[in-house]
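To keep things clear, I will list the structure first and then write my remarks on it.
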Amino acid sequence: MPAVGGIGPGTSKAYPGNLTPFVTVTCIVAAMGGLIFGYDIGISGGVTTMTPFLKKFFRSVWEKKEADKSKNQYCQYDSQTLTMFTSSLYLAALLSSIVASTVTRRLGRKLSMLFGGLLFFAGALINGFAKAVWMLIVGRLLLGFGIGFANQSVPLYLSEMAPYRFRGALNIGFQLSITIGILIANVLNYFFAKIKGGWGWRLSLGGAMVPALIITIGSLVLPDTPNSMIERGQTEEAKAKLKRIRGVDDVEEEFRDLVAASETSKLIEHPWRNLLQRKYRPHLTMAILIPFFQQLTGINVIMFYAPVLFSTIGFKDDNALMSAVITGVVNVGATVVSIYGVDKWGRRFLFLEGGVQMLICQAVVAACIGAKFGINGNPGDLPKWYAVVVVLFICIYVAGFAWSWGPLGWLVPSEIFPLEIRSAAQSINVSVNMLFTFAVAQVFLTMLCHLKFGLFLFFAFFVLIMSVFVYYFLPETKGIPIEEMGQVWKTHWYWSRFVEDVDYPNGGMEMGKGGQGVKDV
Ligand code: BGC
């Protein structure tokens, strides 16, 4: 029986280098690029339950909510404009991540981060002072452009800076700052919603200027990556920088590999067309399916709409925001568990355990909501224990996501693409993620209205499919040197047929971390 999670043998190049204070601080500052993404995820759901905000911009939604008090709860927030408010950002992010990949490559990672910070700042400013819906939408498009730039460049920056042995933990640092951003936003929403005079939402939206400033200033003070400097012809400076980053003088081997990798990647004229070759079928499949599945867990239903959802199932506005804070804390905590376990227990274990956990919770939540709200969405009086049970299972679900598909949805693609297709494959990964974030955000409120409690079963169905997919098709990548990654496909019961005769020239190594030449591009 061939190995389902086939682990290939292999030896690693052991570049010398330490986790120096310099690289640690640099990576912490850069990882904060995730804050803008997280802050926005957390803020948008919260403001849409603030009555003054709804009254001002989405009056029809508010009127319907008022009128429907004791009737159909499933449909009270169903409004295309309200949905557009949340999801427009992801369309903008999708577009800008494609542009950002060129800026990042040609002008450096720092400049993309700077653009990200500035665009996000502009969006936050317009949103904070918004007087009409169009200002909100324009603001959100700018926020989205900012996120596209940041999400394209920050993970790349981190991977290039990190000593290879700490790549996994540092990569999840980005996800950790996303979850911290979400939590901060949830806490702020809770307090700002209490401001008398009803202008707290302006602080929530305008508050996004703070994380924007952090990444803007960060991008100005952070050093450029040696990879990026070499790519832009500053070879000698790059070597000095590499010594500083690694904290050792003996960086010859890594430096040589960086130069070689940069040269070989310049030889590739058609990275996109390259991706369609048969030998890249496993990679292309993962670049599309991993982000697709990550979003089809339904996580962003909770992240964007937890307050809406909680108020739908009978919580007062205030309690609904508080529950979002609770899920936010669970999200951060479980991400830390993932940082701890990812290199010990492996990716597949986390994926499968998280999948089972999410599946059970979704079934329980569907049953709870179905039992009380039935088909017509009219619950009558809800006992307190009922709300507690629903929130509890939603928290267990969030924990399941936060140590599996959350971080791994970004980590695994970053470690399986061979150098010669890496940037193109990574763009696909980001774009598919944004596209389905958009899709879920756009249709969720309508789906809640029509599928009712069945909505949770819809996502549960996908969690089942993705877990089966992981079981049969995703090889374990824990502890495999990236240079040896080509082996995991060769020993895999299914993927081996695509890669049997392939000699991956760069195995699948870290962008710029090795490689003696691309033979067959
Ligand atoms: C996902 C986001 C999600 C977040 C929740 C990220 O990995 O890409 O869509 O909102 O995790 O923590």
| said: Defining a contact as two alpha carbons under 8 Å apart and six or more residues distant in sequence, what relative contact order in percent does segment 87-144 show? | reply: 46 percent
| Based on the Cβ-Cβ distance of E253 and K196, what FRET efficiency does E = 1/(1 + (r/R0)^6) give at R0 = 45 Å, to the nearest 0.05? | 0.10
| What's the center-to-center distance, using Cα atoms, between segment 441-465 and segment 320-368 in Å? | 18 Å
| field | Contour minus Cα-Cα distance for F22 and Q80 (0.36 nm per residue) | value | 16.1 nm
| field | Local net charge near R348, Cβ-Cβ under 10 Å (Lys/Arg +1, Asp/Glu -1) | value | 0
| note | Of all stretches in the chain that avoid GluC sites (Glu not before Pro) placed in a DSSP loop and having at most 12 other Cβ atoms within 10 Å, the longest is 1-268
| task | Heads up, I need the accessible area for S262: 1.4 angstrom probe, whole protein in place, Å², nearest 10. | result | 10 Å²
| request: Could you state the accessible area per residue of the chain in Å², with a 1.4 Å probe and every protein chain left in place? | output: 37 Å²
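Heavy atoms only, 1.4 Å probe, whole protein assembly: order R167, R106 by accessible area, highest first.
Values: R167 25, R106 150 Å².
The ordering from most to least exposed comes out as R106, R167.
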| query | Among residues other than S44 whose Cβ falls under 15 Å from its Cβ, what is the net charge (Lys/Arg +1, Asp/Glu -1)? | reply | +1
| field | Solvent-accessible ranking of F292, F57, largest area first, probe 1.4 Å | value | F292, F57
| Based solely on its DSSP helices, what 222 nm [θ] is calculated for the chain when runs of n ≥ 4 H residues each add -39,500 (n - 2.57) and the sum is averaged over all residues, nearest 500 deg cm²/dmol? | -24000 deg cm²/dmol
| Within the accessible area of the chain (1.4 Å probe), percent carbon and sulfur | 68 percent
| field | Kirkwood Rh and Cα Rg combined as Rg/Rh, the chain | value | 0.99
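The values are calculated or read from the model by the stated rules, or taken from the named source; none is laboratory data. Quick caveat, the model's predicted, so the values are computed rather than measured. When we count neighbours, we look across all protein chains shown, and the Cβ atoms used for this are built from the backbone with ideal geometry, even at glycine. Areas reflect the complete protein model, heavy atoms only, side chains present, ligands, DNA and RNA absent. Shrake-Rupley method; radii C 1.70, N 1.55, O 1.52, S 1.80 Å.
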